[in-house]
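Have a look at the structure below, then the notes.
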Amino acid sequence: MFEQSTVIRAIHSTFEWLLGLVGVDIEIIPESIRVVLYGLVAAGGLMSGIALSVMLYVWMERRIAGRIQARCGPNRVGPFGLLQTLADTFKLLRKEDIIPTGANKFLFAFAPMIVLAGVVAAFAAVPFSYDTETGEGIMVADIDLGIFLITSIIATEVIGVIMAGWASNNKWSLYGAMREAAQVVSYEIPLGLSVLVPVMIVGSLSLADATADQLGGNWLLWRSPFMPVVFFIFYVAGLAGCKRAPFDLPEAESELVAGFHTEYSGLRFSFFFMEEYASMTLISAIGAIFFFGGGDLFGLQGDSAILMFLILIVKILISISVMIWIRWTLPRLRVDQVMTLGYKVLTPLAFFMLLGATIWDLTDANERILGFLRRP
Amino acid sequence: MNTKEIFEDIQGRISGVVSIEEPEIGDPWIQIDPAQWHDVALFLRDDEKLRFNMCLLVTGLDWPDEKWTVVYHLHSQEHNQRVTIKVDLPRTEPIVDSVHDVWSAANWHERETFDLMGIEFRGHPNPTRILCPDDWVGHPLRKDYEFPTEYRGIPYERNEKI
Amino acid sequence: MSEREIRLQDDIDRDVLIGAGDIATDEMYINMGPQHPSTHGVLRVLLRTDGEIVTEAHPHIGYLHRCAEKIGECLDYVKFQPYTDRMDYLAAMNNNLGYAMVVESLAGLEIPERATLLRIIIVELNRIASHLIAFGTYGLDSGAMTPFFHAWREREEMLTLFEKICGARLTYNYVCIGGVVNDAPEGWKDKVLDFLDRFEKRWTEYNNLLSYNRIFIRRSANIGVITPEECYDYGLTGPMLRGSGISWDLRRDRPYLGYDRFDFDVPVGQGEMGTLGDCWDRYWVRMVEMKESAKIVRQAFDLLETAEGSHKAKVPKVFKPKVGEAYVGIENPRGELGFYVLSDGSKNAYRLRVRGPSFCNLSILEKLLPGTMIADAVMVIGSTDIVLGEVDR
């Protein structure tokens, strides 16, 4: 396993160095224990990274929303109100943890963890940067099935939401959970189909391979005329997948009070909150890697892994800003309209795009057209 | 048409129209016999010349030791005219025919009149209280209404020491 | 077909649609309110739902009941004036005006021209403020939060203008029996006109942001359709009535305060985006009415330049109107606000009755909601633009 992933390797060598300082050989720890240990360290790292970035996103969301709505937004705690989210986190931590009388206590407490765990686990297969020397993505688990793992693992989030809605013993929560189930399950189809097109062009399910394939400005977005449409489908389905407006039906605050998390408070509520932003990040990251070259900026970044990491972060931030912009501009769709859009518009469109892109790729249309144009 | 003309017009055409009253100031009204009120209401709504197709307001009046009165303010969209109808009820029996089937708007107004004034409407589909809680005692707008000292353990009387 | 047969046929159609026989569905009761984000106050609607579809709806009201009519009987005429603010608190000026007018008609008071014009200016401004809330909260109901804040920004400016003229921001008690409490301060007119200029520019922004948004149109068109017959039957007034294509406005058709002097249009629903009388039509009527009100305010300011008289007529300290009764209906932002006062010659009213337009407009919910989805139910309730303070009084 140590050969597989750059991050695990880095953790291994750090441990080796640390233990070397006190003169202990790392090999005396059984490998099975080390696997768990390294996994925990990596998970902890991911978790805190996500938690920190969520703070940034919440601040961004509130500031951008403030600008859009002709008001200030938080600007008192810390510079530009940056610490407002931290203050709110403390407030949430100190809040009373209320479990409704009629609720199923176990499921009620368990649901937020499942929801968050699913999304955080998916980040294991996301390459945050790329090592050009060894040709590896800098990621926790560099597995060949990359995107397949991600899409399957985030599907577990639905289970958590249904658990939350059902265990709350609240009809509004149940409505939210049912809407979530219907919506996320139906939007996984166009999402999966739209991801299939870049996968097909790259010829690999691994996100690291996709990054490698696009270095030097060779972004997938303009590899084929179908890609912009595919990206549109991906983005819309992704928005629906992370329950963002205009697809925020599961928590539609004007209809279902707060949807599936109506009965949640304090820390448990913040888990749902984090999950939303984490899945936004995930969708943005996949979008950036599969369509916009990941950490590549027309080759300007050279071989620097740190620069590639920063470029990817900037792309994610831009994508999240667009999501925020959409959220504070559009009204919400109705549940049947969401279903119609998913099943009658996006899914057939995604199929056509897949078909078109396949034919385009099989016939080497790019080469033919370029060749035709270059003909003297 | 003003109220007087309306009265003169309908007097001969339908029975149950008792009289027209004109107070010192303000609006005149037409007095209707309670027994035939429902028929008159239908007539007022459907007649070509009248077409009082909107019921604006239903009001209950309490005249202690004398009578009850139900006041209807009607409006005709077609002819842009209004009329006030009063139906007097005997003191002992504050019951009148419901006109919810003539004007649906009367439904809630009648419920409110029942709730606050205690006048019953015969044939009303849902003769329950609308503004007060279902277990409220008495009808607050009656002149002899005594304000309760408490409701479900919530005292009304203010402690003098406060 | 009888009603029962129709219902049976509907059931069969629906069963075919959802594939009944395979799946057993069950209906459930669900309480929308009194604590719910989009019931615009403490309205409670008991819904029976089949999945997302509402099959039955029962509005329950009275959570804000203060028995204002009893208070009206216990206080003398002048003292009841502030209580009218608390009914329709979003259009308190209009309520003040309605009550003042009914008492004046009982007492036979003549109102000076200047006071009349000030009244018109202030109630039309209040109509804009009230419709701004209707616009903003309707955006909220549809899930768009930004229009609400934009509307609030303009309303904030209006409240500052109100504060300048009467010192209060919500419950004004400005229009009083005999006129208005005080004259407009120096420079107020310019501030108002300045605001109206800005407002009219922003009105276009609102439309770009919400009115013509495709999602919003999809959400609000073709639902909650009210036919003209239903309007009459349920006694609907104001934008609810005009939304169904009936051109009726008390200001134009039964003029009071000399509204017939002004040149303004009465917007009616056209069924532009869907069926005539749907939620979008009602919403649009309110949007256009804001512009018309602005027009009236401008004209009233022109007349105010040359208006004679003071801002208030001479009013006796204690009213004792003669025996009689009066009903006065005025065009409130929500519809016809009626005050019916019965005088027995004493200093208190013998009976005071209020026709709250929201109360009547709300009663049609029982008919409108069945058959819609929960999300639509929210939109339909929003399109009635109720103020619970007035429904419950």
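The values are calculated or read from the model by the stated rules, or taken from the named source; none is laboratory data. Bear in mind the structure is a predicted one, so any value in this text is a computation, not a measurement. Every residue, glycine among them, receives a Cβ derived from its backbone with ideal geometry; neighbour counts consider all protein chains shown.
Collect the residues in segment A:315-335 that are farther than 16 Å from A:ILE64 by Cβ and part of a helix (DSSP H, G or I), keeping them in residue-number order. Break it down stepwise before answering.
From segment A:315-335, those farther than 16 Å from A:ILE64 by Cβ are A:315, A:331-335; that's our starting set.
Residues satisfying the conditions are A:LYS315, A:VAL335.
Just name the residue that is nearest to the other protein chains (Cβ to nearest Cβ) out of those in segment C:291-349 that are more than 24 Å from C:ALA91 (Cα to Cα) and among the β-branched types (Val, Ile, Thr).
Selected residue: C:VAL323.
Would you say B:ILE14 is surrounded by fewer than 18 Cβ atoms within 10 Å (Cβ to Cβ) and in a loop (DSSP other than H, G, I, E, B)?
On the way: surrounded by fewer than 18 Cβ atoms within 10 Å (Cβ to Cβ): yes; in a loop (DSSP other than H, G, I, E, B): yes.
Criteria met by B:ILE14.
Of the residues B:VAL71, B:VAL58, B:VAL102, which single one is facing chain C (nearest Cβ under 10 Å), under 23 Å from C:TYR232 (Cβ atoms) and in a loop (DSSP other than H, G, I, E, B)?
One residue alone meets the criteria, B:VAL102.
What number of residues in segment C:58-106 are among the small types (Gly, Ala, Ser), touching a helix residue (DSSP H, G or I) at 6+ places or on another chain (Cβ under 8 Å) and within 14 Å of chain B (Cβ to nearest Cβ)?
Step one: of segment C:58-106, the residues among the small types (Gly, Ala, Ser) are C:62, C:68, C:72, C:91-92, C:98, C:100, C:105.
From what is left, the residues that are touching a helix residue (DSSP H, G or I) at 6+ places or on another chain (Cβ under 8 Å) are C:62, C:68, C:72, C:91-92, C:98, C:100.
Cutting the leftovers down to within 14 Å of chain B (Cβ to nearest Cβ) gives us C:62, C:68, C:72, C:98.
Here the count works out to 4.
Hand me the list of strands (runs of 3 or more DSSP E) wholly inside segment C:25-119 holding 1 or more residues that are of a type in the set (S, T, N, Q) and touching a residue at least 24 places away in the same chain (Cβ under 8 Å).
C:44-50, C:53-60
This table checks each residue for (1) under 25 Å from B:ARG111 (Cβ atoms); (2) in contact with a Leu (Cβ under 7 Å, 6 or more places away or on another chain); (3) surrounded by fewer than 19 Cβ atoms within 10 Å (Cβ to Cβ).
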site: B:LYS4; (1), (2), (3): no, no, yes
site: B:VAL18; (1), (2), (3): no, no, yes
site: B:PRO28; (1), (2), (3): no, no, yes
site: B:GLU48; (1), (2), (3): no, no, yes
site: B:LEU57; (1), (2), (3): yes, no, no
site: B:TYR72; (1), (2), (3): yes, no, no
site: B:HIS75; (1), (2), (3): yes, yes, no
site: B:SER98; (1), (2), (3): yes, no, no
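I'd like the full set of residues that are buried (at least 19 other Cβ atoms within 10 Å of the Cβ) and among the aliphatic types (A, V, I, L, M), limited to segment C:290-303.
Result: C:MET290, C:ALA294, C:ILE296, C:VAL297, C:ALA300.
Condition test on A:ARG76, is it in a loop (DSSP other than H, G, I, E, B), out of contact with any Ser or Thr (no Cβ under 9 Å at 6 or more places or on another chain) and of a type in the set (Lys, Arg)?
In short, yes.
Suppose we filter A:ALA365, A:ALA357 for residues that are modelled with pLDDT under 85 and more than 20 Å from the chain's Cα centre (by Cα); which single one remains?
A:ALA365 is the lone residue from the list that is modelled with pLDDT under 85 and more than 20 Å from the chain's Cα centre (by Cα).
What number goes with the only condition from (1) farther than 24 Å from C:ALA349 by Cα; (2) in contact (Cβ under 8 Å) with a residue 24 or more places away in the chain that B:ALA35 does not pass?
Answer for B:ALA35: the failing condition is (2).
For segment C:365-393, give me each residue that is facing chain B (nearest Cβ under 10 Å), surrounded by fewer than 24 Cβ atoms within 10 Å (Cβ to Cβ) and either within 30 Å of C:LYS320 (Cα to Cα) or within 18 Å of the chain's Cα centre (by Cα) (or both). Before you say what the answer is, go through the steps one by one.
Taking segment C:365-393 and keeping what is facing chain B (nearest Cβ under 10 Å), we get C:366-367, C:391-393.
Now narrow it down to the ones that are surrounded by fewer than 24 Cβ atoms within 10 Å (Cβ to Cβ): C:366-367, C:392.
Hit for segment C:365-393 is C:ASP392, nothing else.
Any residue at all in segment A:132-152 that's surrounded by fewer than 24 Cβ atoms within 10 Å (Cβ to Cβ), without any contact (Cβ under 8 Å) to a residue 40 or more places away in the chain and not in a loop (DSSP other than H, G, I, E, B)?
Yes: segment A:132-152 contains one or more residues that are surrounded by fewer than 24 Cβ atoms within 10 Å (Cβ to Cβ), without any contact (Cβ under 8 Å) to a residue 40 or more places away in the chain and not in a loop (DSSP other than H, G, I, E, B).
Among B:ARG122, B:ARG82, B:ARG129, which is the only one that is more than 20 Å from B:ALA41 (Cβ to Cβ) and surrounded by fewer than 21 Cβ atoms within 10 Å (Cβ to Cβ)? If you could, list the steps in order and put the result at the bottom.
Working: B:ARG122 fails: more than 20 Å from B:ALA41 (Cβ to Cβ); B:ARG82 fails: more than 20 Å from B:ALA41 (Cβ to Cβ).
Answer to the selection: B:ARG129.
Being facing chain C (nearest Cβ under 9 Å) and not in a strand (DSSP E or B) is the filter; apply it to segment B:74-87 and report the residue that is farthest from C:ASP344 (Cα to Cα).
B:GLN77
I'd like to know if segment A:71-81 contains one or more residues that are touching a residue at least 12 places away in the same chain (Cβ under 8 Å), under 20 Å from A:ILE324 (Cβ atoms) and surrounded by 18 or more Cβ atoms within 10 Å (Cβ to Cβ).
Yes: segment A:71-81 contains one or more residues that are touching a residue at least 12 places away in the same chain (Cβ under 8 Å), under 20 Å from A:ILE324 (Cβ atoms) and surrounded by 18 or more Cβ atoms within 10 Å (Cβ to Cβ).
When residues of segment C:172-204 are filtered for being of a type in the set (D, E, K, R), surrounded by 15 or more Cβ atoms within 10 Å (Cβ to Cβ) and over 15 Å from C:ALA294 (Cβ atoms), how many remain?
1
Given the residues A:GLY238, A:GLY266, which is the only one that is surrounded by fewer than 20 Cβ atoms within 10 Å (Cβ to Cβ) and not acidic (Asp, Glu)?
Result of the check over A:GLY238, A:GLY266: A:GLY266.
I'm trying to understand the selection: among the residues of segment C:322-357, which are within 30 Å of C:ALA134 (Cα to Cα) and of a type in the set (A, V, I, L, M, F, W, C)?
Listed by number, the residues that qualify are C:VAL328, C:ILE330, C:LEU337, C:PHE339, C:VAL341, C:LEU352, C:VAL354.
Identify the single condition in (1) over 30 Å from A:ALA70 (Cα atoms); (2) away from chain C (no Cβ under 14 Å); (3) in contact with a helix residue (DSSP H, G or I) (Cβ under 9 Å, 6 or more places away or on another chain) that A:MET339 does not satisfy, given that it satisfies every other one.
Failing condition for A:MET339: (2).
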